[in-house]
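Undergrad: This structure is in structure tokens; I'll ask about it shortly.
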Amino acid sequence: MNKSEIRRLMRQRRRSLSAVQRRDASQRLLRSLRRSQHFQFTRRVAVYLTNDAEIDTSVFIRDLQQRGKQLFLPVLHPLRKGHLSFVPYHRKTVMRRNRFGIPEPDFRRHRSVPARFIGLVCMPLVAFDDAGNRLGMGGGFYDRTLAFMHQPGNRPALIGCAYECQHTGQLPAEPWDIPLTAIATEQRLHRFR
Ligand SMILES: Nc1ncnc2c1ncn2[C@@H]1O[C@H](COP(=O)(O)OP(=O)(O)O)[C@@H](O)[C@H]1O
Ligand SMILES: [Mg+2]
């Protein structure tokens with residue numbers, strides 16, 4: 001299968017889950033994330049809001065908020081095409097819809113932070129494999145934003161969040177793809193490297 005066929009299959013798989021399965025999975029996802037030292041101890045954490053039948057992030061976001069973490073949400077970078085920037089996310093964050101119709105913080109109202117100042121980035125994905133390779137929706141946004149990780153220096157930990165049914169044996173890894181530190185699912189925490 002090529003990448004677009006894998007994307008189609010995996011998006012169909014996650015869309016076919018029932019409401020009960022989704023609710024159950026979001027609670028179990030938190031349990032898997034808690035197995036990660038990064039999730040437990042990192043102070044600045046980038047999260048994302050669920051979209052396109054992705055596994056529900058609201059349960060673990062609430063957990064992070066209750067533990068007093070500094071949270072960030074990705075926004076489409078207003079100037080650097082294809083890049084994300086990260087904006088603080090709290091009760092007073094003003095949201096708007098971006099050009100994909102996805103709610104994001106209003107970059108005109110809030111100051112953004114470069115990804116290298118964030119300790120842990122939790123990110124969505126469409127498929128993942130045994131080596132921690134990630135297939136996204138095909139925009140390459142996280143790859144571009146995290147391209148600095150190819151060089152030595154400060155690096156955030158990267159945890160992908162997904163349903164276990166998005167797991168596949170091997171994905172085509174491209175030179176620009178940034179491999180993940182771990183992937184949390186409703187069944188377990190997959191650790192890599
Ligand atoms: N660091 C980068 N610099 C320039 N283009 C990039 C970079 N990372 C990814 N891209 C581009 O983004 C596109 C989508 O990347 P891909 O990895 O297939 O998507 P996704 O990660 O969303 O699954 C590719 O055509 C690729 O050339
Ligand atoms: Mg990629």
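The values are calculated or read from the model by the stated rules, or taken from the named source; none is laboratory data. Since this is a predicted model, take the numbers as computed values, not measurements. With ideal geometry, Cβ positions are generated from the backbone for all residues, glycine too; neighbour counts draw on all protein chains shown.
Undergrad: Filter the range 147-176 for residues that are outside any strand (DSSP E or B) and in contact with a strand residue (DSSP E or B) (Cβ under 7 Å, 6 or more places away or on another chain); which is nearest to Ser58 (Cα to Cα)? Give the steps one after another, and end with the answer.
TA: Narrowing the range 147-176 to residues outside any strand (DSSP E or B): 147-156, 162-166, 168-176.
Now restrict to residues that are in contact with a strand residue (DSSP E or B) (Cβ under 7 Å, 6 or more places away or on another chain): 156, 162, 166, 168, 171.
Values: Pro156: 22, Ala162: 13, Gln166: 19, Thr168: 25, Leu171: 28 Å.
Top of the filtered list is Ala162.
Undergrad: Please work out which one of (1) under 26 Å from Phe100 (Cα atoms); (2) within 15 Å of ligand 2 (Cβ to nearest atom); (3) buried (at least 17 other Cβ atoms within 10 Å of the Cβ); (4) over 13 Å from the mean Cα position of the chain (by Cα) is the condition Ser112 fails and give its number.
TA: (2)
Undergrad: Does any residue of the range 17-24 turn out to be modelled with pLDDT of 95 or more, among the acidic types (Asp, Glu) and either closer than 18 Å to Val126 by Cα or not in a loop (DSSP other than H, G, I, E, B) (or both)?
TA: Keep residues of the range 17-24 that are modelled with pLDDT of 95 or more, which gives 17-24.
Going one step further and asking which of them are among the acidic types (Asp, Glu), we end up with 24.
Going one step further and asking which of them are either closer than 18 Å to Val126 by Cα or not in a loop (DSSP other than H, G, I, E, B) (or both), we end up with 24.
Taking every residue of the range 17-24 in turn, at least one turns out to be modelled with pLDDT of 95 or more, among the acidic types (Asp, Glu) and either closer than 18 Å to Val126 by Cα or not in a loop (DSSP other than H, G, I, E, B) (or both).
Undergrad: I've got another one for you. Identify, from the list Thr145, Thr181, the residue that is in contact with a His (Cβ under 8 Å, 6 or more places away or on another chain), crowded, with 22+ Cβ neighbours inside 10 Å and not basic (Lys, Arg).
TA: Details: Thr181 fails: crowded, with 22+ Cβ neighbours inside 10 Å.
Exactly one of Thr145, Thr181 is in contact with a His (Cβ under 8 Å, 6 or more places away or on another chain), crowded, with 22+ Cβ neighbours inside 10 Å and not basic (Lys, Arg), namely Thr145.
Undergrad: Out of Arg155, Arg191, which single residue is under 23 Å from Arg35 (Cβ atoms), of a type outside the set (Phe, Trp, Tyr) and at pLDDT 95 or above? Break it down stepwise before answering.
TA: On the way: Arg155 fails: at pLDDT 95 or above.
Residue meeting the stated conditions: Arg191.
Undergrad: Ok, one more. It is to be established whether one or more residues within the range 121-136 are more than 13 Å from ligand 2 (Cβ to nearest atom), more than 24 Å from Met1 (Cβ to Cβ), touching a helix residue (DSSP H, G or I) at 6+ places or on another chain (Cβ under 7 Å) and in contact (Cβ under 8 Å) with a residue 40 or more places away in the chain.
TA: Filtering the range 121-136 for residues more than 13 Å from ligand 2 (Cβ to nearest atom) gives 121-122, 130-131.
Of the ones still in play, those that are also more than 24 Å from Met1 (Cβ to Cβ) are 121-122.
From what's left, touching a helix residue (DSSP H, G or I) at 6+ places or on another chain (Cβ under 7 Å): 121.
Restricting the remaining residues to those that are in contact (Cβ under 8 Å) with a residue 40 or more places away in the chain gives 121.
Among the residues of the range 121-136, at least one is more than 13 Å from ligand 2 (Cβ to nearest atom), more than 24 Å from Met1 (Cβ to Cβ), touching a helix residue (DSSP H, G or I) at 6+ places or on another chain (Cβ under 7 Å) and in contact (Cβ under 8 Å) with a residue 40 or more places away in the chain, which makes the answer yes.
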